[in-house]
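Enquirer: The structure's right below; bear with me while I get my questions together.
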Amino acid sequence: MDQPHITATAVEKLKRAAKSHRNTSGFPLAAALDHVAALAGYSNWKRVTELAAKPPLIDTHLLPIKHRHLCTWVVPKGSMQLKQVHTVSELCEALGAPTPIFIRHACEIATPDNPCFCQLDPFATAMLAGVALDIGDKYDFWNYLFDASKPAREYPAWQKRVVVGLGTSDHYPNEHLTTRNNNDRSDTLNPNNSAHKAATNNRSSQMNPNNTRYLGHESD
């Protein structure tokens, strides 16, 4: 699966790697570019150039028309009493002073010392604080409920994207901050990781026509 975005620096690194691969393999540059793009997790070099042309979503103005996410409540650690907070500073104080993670530019009511809740990335901030996050539905009186009495948990990536206002976009800027486990794909691409050998062996098995796991095998 394609990576969601790529920086100009990463593109330059891939170009250098492709030129090096061309010089050692004798492949045409176009083939070398596709090769290094595939190793980096992209379908081909054309996909790399397409993503490089996109502005990072974190740099775009994605403010909601209405501040629907201002109704924020907290269950402080050691307490069962819900408390409504009205500022990001109050939220962080109630959670034990974690650094808030933002996803949007400042809105018209925000100041440098008092960011608006609509700027907050609730998932990354909750994960950093190590607390559970509940997204309110039509039966709840909150939009966000940060519960310090429960441990942080993962949400499906698509749900995080929708909640923070990115719709069904393939890029959630702070997703790396909410992942507690190593990425399986990174593991299998790392030759120093045991998962890499397992993935290699599995691939070899599937490509071996004498093995029943061969991709072209036809069962009797």
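Only the coordinates and a few stated rules stand behind these numbers; no lab work does. Please read all numbers here as calculations on a predicted model, not as lab measurements. Note that each Cβ is placed from the backbone with ideal geometry, even for glycine, and that neighbours are counted across all protein chains shown.
Enquirer: Tally Lys and Arg at +1 and Asp and Glu at -1 over the other residues with C-beta under 9 Å from the C-beta of ALA32: what net charge comes out?
Expert: After counting each charged neighbour, the total is +1.
Enquirer: If you don't mind, another one. Can you flag which of LYS13/LYS66; LYS83/LYS160; LYS66/LYS150; LYS13/LYS150; LYS77/LYS160 are past 32 Å Cα-Cα?
Expert: LYS13/LYS66; LYS13/LYS150
Enquirer: Taking the Cβ of PRO122 as the center, what net charge do the other residues with Cβ under 11 Å away carry, scoring Lys and Arg +1 and Asp and Glu -1?
Expert: Result for the neighbourhood of PRO122: -1.
Enquirer: Hey, another quick one. Under the 0.36 nm per residue contour assumption, what length would be gained going from the current alpha-carbon distance of ALA106 and LYS77 to full extension?
Expert: 7.5 nm
Enquirer: With the cut-off at 24 Å, report for segment 68-177 the share of all Cα pairs above it, as a whole percent.
Expert: Here the tail beyond 24 Å accounts for 18 percent of pairs.
Enquirer: Whole-Hz Karplus ³J(HN,Hα) for segment 88-93, in order, using 6.51 cos²θ - 1.76 cosθ + 1.60 and θ = phi - 60°, x for Gly and Pro?
Expert: So the Karplus estimates, Gly and Pro as x, are 5, 4, 5, 4, 5, 5 Hz.
Enquirer: Tabulate in residue order the Karplus-calculated ³J(HN,Hα) for segment 138-152, using 6.51 cos²θ - 1.76 cosθ + 1.60 with θ = phi - 60°, rounded to whole Hz; enter x for Gly and Pro.
Expert: 5, 8, 9, 9, 10, 8, 10, 10, 8, 10, 6, 7, 10, x, 5
Enquirer: What is the local net charge at ALA94, summed over the other residues whose Cβ is closer than 12 Å to its Cβ (Lys, Arg +1; Asp, Glu -1)?
Expert: -1
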